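Visitor: One structure, pasted below without further comment.
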Amino acid sequence: MNLQCRVDLASKYKSGSQIARVLSEEWCKRELYCPACDSDRLTGSKPNQPAVDFSCVKCEQPFQLKSLRNWNPKKIVDAGYEAMLRAIRADRTPNLLVLQYSSGWLVQNLVLIPRMFFSESVVEKRKPLAPEARRAGWVGCNILLSEIAADGKITMISAGVPVLKNQVREEFSRVKRLAELPPSLRGWTLDVLRAIRRLGKSDFSLEELYGFESELKSLHPQNQNVRPKIRQQLQVLRDLCLISFLSPGNYRVRT
Ligand SMILES: [Zn+2]
């Protein structure tokens, strides 16, 4: 994988954001493979898919690219808040590629967030734009990367070193069955998965997970029965082969 973007393409453009978009999109089309299947190429999207920058010719997975010079591992600015919530509820969010480039236009870091990991819990509403702004009153959103379970942040390039293609595809394959859940149920599953991951160990107990009860309740204020919901989601995660049941009240993360 050649990590260098084509700097010569920048001469046609003036704005920094336009240059970043053109150079990083050209790099993805030239060097990037599909993490969801064995296709070694992604192509540009069709004009009628505004939030999609690339798709796989073989499995048709959609991808959106965000390229940045500076990396904030906690959050990333995204599009309109209401549009994002609508996309999540309709299960239309594309996979997100977050690309960080160096001052010399080398790709430094690339993280893939599979589309199934976008839930309402990870969308933060921003302040409306000021009255003097061109789009006064418009409300954007941030994607809270820190609220996404580690399973949903797949490293493709780390500190200038590409991760093996097979490893990336295995990690995607491990979580792809989350797409089988309707988005109205998936939010709970993802929140419980993140709680499990925050325990920071492979074996865990129901008691430990109950420690997140008040936090989960604040994410889902309409739900009065958080403990039964946690137990139900553990069964869902088991059926998706993401955890296994060891003994009553004891579980293990599957890798
Ligand atoms: Zn594919």
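The values are calculated or read from the model by the stated rules, or taken from the named source; none is laboratory data. All of these numbers come straight from a predicted model, not from anything done at the bench. Positions of Cβ are generated from backbone atoms using ideal geometry, with glycine treated the same way; all protein chains shown enter the neighbour counts. Quick note on the areas: whole protein, heavy atoms, side chains included, nothing else; ligands and nucleic acids left out. Shrake-Rupley method; radii C 1.70, N 1.55, O 1.52, S 1.80 Å.
Visitor: Within the stretch 78-94, does at least one residue satisfy the condition of being within 23 Å of ALA150 (Cβ to Cβ), open to solvent by 40 Å² or more (accessible area, probe 1.4 Å) and either in a strand (DSSP E or B) or within 14 Å of the ligand (Cβ to nearest atom) (or both)?
Guide: no
Visitor: Here's another thing I want to ask about it. Tell me the strands (runs of 3 or more DSSP E) entirely within the stretch 143-255 that contain at least 3 residues that are under 28 Å from PRO94 (Cα atoms).
Guide: 154-158
Visitor: If you don't mind, another one. Does the stretch 15-44 hold any residues that are modelled with pLDDT under 95, within 11 Å of the ligand (Cβ to nearest atom) and of a type in the set (Ser, Thr, Tyr), and which are they?
Guide: The one that is modelled with pLDDT under 95, within 11 Å of the ligand (Cβ to nearest atom) and of a type in the set (Ser, Thr, Tyr): THR43.
Visitor: Looking at LEU112, LEU144 in this structure, which one is modelled with pLDDT of 95 or more and either small (Gly, Ala, Ser) or open to solvent by 20 Å² or more (accessible area, probe 1.4 Å) (or both)?
Guide: Matching residue, one of LEU112, LEU144: LEU144.
Visitor: Considering each residue of the stretch 232-251, count those that are within 25 Å of ALA179 (Cα to Cα) and surrounded by fewer than 14 Cβ atoms within 10 Å (Cβ to Cβ), and give that number.
Guide: Final tally of qualifying residues: 5.
Visitor: A further question on this structure: Condition (residue is surrounded by fewer than 12 Cβ atoms within 10 Å (Cβ to Cβ), outside any loop (DSSP other than H, G, I, E, B) and in contact (Cβ under 8 Å) with a residue 24 or more places away in the chain) applied to the stretch 25-40: is it met by at least one residue?
Guide: Checked against the condition, which is being surrounded by fewer than 12 Cβ atoms within 10 Å (Cβ to Cβ), outside any loop (DSSP other than H, G, I, E, B) and in contact (Cβ under 8 Å) with a residue 24 or more places away in the chain, the stretch 25-40 yields no hits at all.
Visitor: Quick check: is even one residue across the stretch 45-58 assigned by TED's automatic domain parsing to the domain that holds SER173, more than 15 Å from the ligand (Cβ to nearest atom), in contact with a helix residue (DSSP H, G or I) (Cβ under 9 Å, 6 or more places away or on another chain) and assigned to a helix (DSSP H, G or I)?
Guide: So far as the stretch 45-58 goes, no, none of its residues is assigned by TED's automatic domain parsing to the domain that holds SER173, more than 15 Å from the ligand (Cβ to nearest atom), in contact with a helix residue (DSSP H, G or I) (Cβ under 9 Å, 6 or more places away or on another chain) and assigned to a helix (DSSP H, G or I).
Visitor: Can you spot a residue in the stretch 97-108 that is surrounded by fewer than 15 Cβ atoms within 10 Å (Cβ to Cβ) and either within 16 Å of the ligand (Cβ to nearest atom) or part of a helix (DSSP H, G or I) (or both)?
Guide: Checking the stretch 97-108: not a single residue is surrounded by fewer than 15 Cβ atoms within 10 Å (Cβ to Cβ) and either within 16 Å of the ligand (Cβ to nearest atom) or part of a helix (DSSP H, G or I) (or both).
Visitor: Take the residues in the stretch 1-14 that are part of a loop (DSSP other than H, G, I, E, B) and open to solvent by 30 Å² or more (accessible area, probe 1.4 Å), then tell me which one is nearest to the ligand (Cβ to nearest atom).
Guide: The residue in question is MET1.
Visitor: Which of the residues that make up the stretch 59-74 are more than 8 Å from the ligand (Cβ to nearest atom) and either open to solvent by 40 Å² or more (accessible area, probe 1.4 Å) or farther than 24 Å from SER17 by Cα (or both)?
Guide: LYS66, LEU68, ARG69, ASN70, TRP71, ASN72, PRO73, LYS74
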